[in-house]
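Colleague: Below: one structure in structure tokens.
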Amino acid sequence: MIHSEISHHRMASQKLYQENQCSPQEIVYHFGAMQAQDYAMAKWAIGSRCNASEKEIEEAVNSGKIIRTHILRPTWHFVSADDIYWMLDLSAPQIKKLAISGAKKFGVDEKKLIQINNTIEKLLAGNNHLTRDEIMQELNIKKTSKEDFLGAAIMMNAELDGLVCNGRMKGKQITYALLEERVDRPKTKLTKEEGLAKLAQRYFESHGPATLLDFSWWSGFAPTICQKAINAIELQLNSITIDNQTFWFSKNRSLEDNFRESVHFLPAFDEILISYKTREASFSGDHQSKTFTNNGIFKPIILENGKVIGIWKRTIKKDHVKIETEFFNETENSKKAILFEGIKAFETYLETKVVIG
């Protein structure tokens, strides 16, 4: 394998070839965690890897089979209900500091955060799912741009304490619910070392071939800690060295030629790009600056044979969805017609007509 072929193997690891039929929750479980701050696009990240519709994925989220919460770097992630507690135990201690620091800027210290958590618990008890605005109103925190940052810090702290997670959608509004009312707390806990090893195993099986620094970036843990996790599971992984870099991947994944012709219209912040420290493997030319910004904004991408060839955006209309595309290189109309075949999966997922503008 050479560096330019890494993207093909990642496509297979990331289930973009849909070798097996999976449910939405099985896709999330496979990944360990899937970045999900853009909720609409994050659902399509799951949908592009299975045959479920948007409604079916939303039902999995609403029912608590898939949890959406702040975890890892931190940002919003989808996490399987099976993984939420051990993953919180592992990553919350280091990222909770950010929530505490954010609240302190508004004069809310740790003692006050504990009191607020107690109030939130009472508000949400009995499967009472409330939006953040509704919770802030009950806490008597006014809705201004300044206090909105305080509200975000308060709710992130409650998430990291394992108190709350996403509730059922209220129209287009996200709600919060008590985590223990959605997912039973397990009887046993993993040690930090066991949790790190489990996280590393899940990452390299779902994202490999990937490097130590890729895993460090994705998990939010320092490279020295990540190296210990890799050492612990080394016998369960395969590796290959390219240009003095070691790439780790699942022992179940053959490095026989995984290549197959494919076109994918993938969402913003998709794991195929965002989960790696460096992303050259997914590009044939110097187009990274058109795809994501230095401050971490990722655009929806068009992927042909594992390489990013353009970007796209969707606009929801009354009776259809309009798709606009921008290809990086001059593309003949006959070739575009072939590429647009890749959008049919999106049409099936949305269960509505897609018009290419």
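Colleague: Being part of a loop (DSSP other than H, G, I, E, B), open to solvent by 60 Å² or more (accessible area, probe 1.4 Å) and in contact (Cβ under 8 Å) with a residue 24 or more places away in the chain, is that true of even one residue in the stretch 199-219?
Modeller: Checking the stretch 199-219: not a single residue is part of a loop (DSSP other than H, G, I, E, B), open to solvent by 60 Å² or more (accessible area, probe 1.4 Å) and in contact (Cβ under 8 Å) with a residue 24 or more places away in the chain.
Colleague: While we're looking at this one, here's another question. Counting only residues that are open to solvent by 20 Å² or more (accessible area, probe 1.4 Å), farther than 11 Å from Leu160 by Cα, touching a residue at least 60 places away in the same chain (Cβ under 8 Å) and not in a loop (DSSP other than H, G, I, E, B), how many does the stretch 58-75 have?
Modeller: 2
To keep it simple, each residue is scored yes or no on (1) modelled with pLDDT of 95 or more; (2) within 16 Å of Gly195 (Cα to Cα).
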residue	(1), (2)
Pro74	no, no
Ser80	yes, yes
Ile84	yes, yes
Ala92	yes, yes
Ile100	yes, no
Phe106	no, no
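Colleague: Which of the residues spanning the stretch 154-196 are small (Gly, Ala, Ser) and modelled with pLDDT under 95?
Modeller: Correct list: Gly171 only.
Colleague: Might you let me know whether the stretch 91-98 holds any residue that is buried (at least 22 other Cβ atoms within 10 Å of the Cβ), among the hydrophobic types (A, V, I, L, M, F, W, C) and either out of contact with any strand residue (DSSP E or B) (no Cβ under 8 Å at 6 or more places or on another chain) or under 30 Å from Phe346 (Cβ atoms) (or both)?
Modeller: no
Colleague: Say we look at the stretch 138-181 and pick out the residues that are of a type in the set (Val, Ile, Thr) and farther than 25 Å from Ile57 by Cβ; which of these is most open to solvent (accessible area, probe 1.4 Å)?
Modeller: Result: Thr144.
Colleague: Still on this structure: Search the stretch 21-34 for residues that are outside any helix (DSSP H, G or I) and pair each with any residue that is buried (at least 24 other Cβ atoms within 10 Å of the Cβ) and among the small types (Gly, Ala, Ser) when their beta-carbon atoms are under 6 Å apart and the residues are at least 6 apart or on different chains.
Modeller: Every condition considered, the pairs that remain are Met34/Ala45.
Colleague: Which numbered condition in (1) open to solvent by 10 Å² or more (accessible area, probe 1.4 Å); (2) out of contact with any Cys (no Cβ under 8 Å at 6 or more places or on another chain) is the only one that Gln18 fails?
Modeller: The number of the failed condition is (2).
The values are calculated or read from the model by the stated rules, or taken from the named source; none is laboratory data. Computed from a predicted structure; not experimentally measured. FYI the Cβ positions are ideal-geometry reconstructions off the backbone, even for glycines, and counts take in every protein chain you see. Just so you know, the surface numbers come from the protein's heavy atoms only, side chains and all, with ligands and any DNA or RNA stripped out. Shrake-Rupley method; radii C 1.70, N 1.55, O 1.52, S 1.80 Å.
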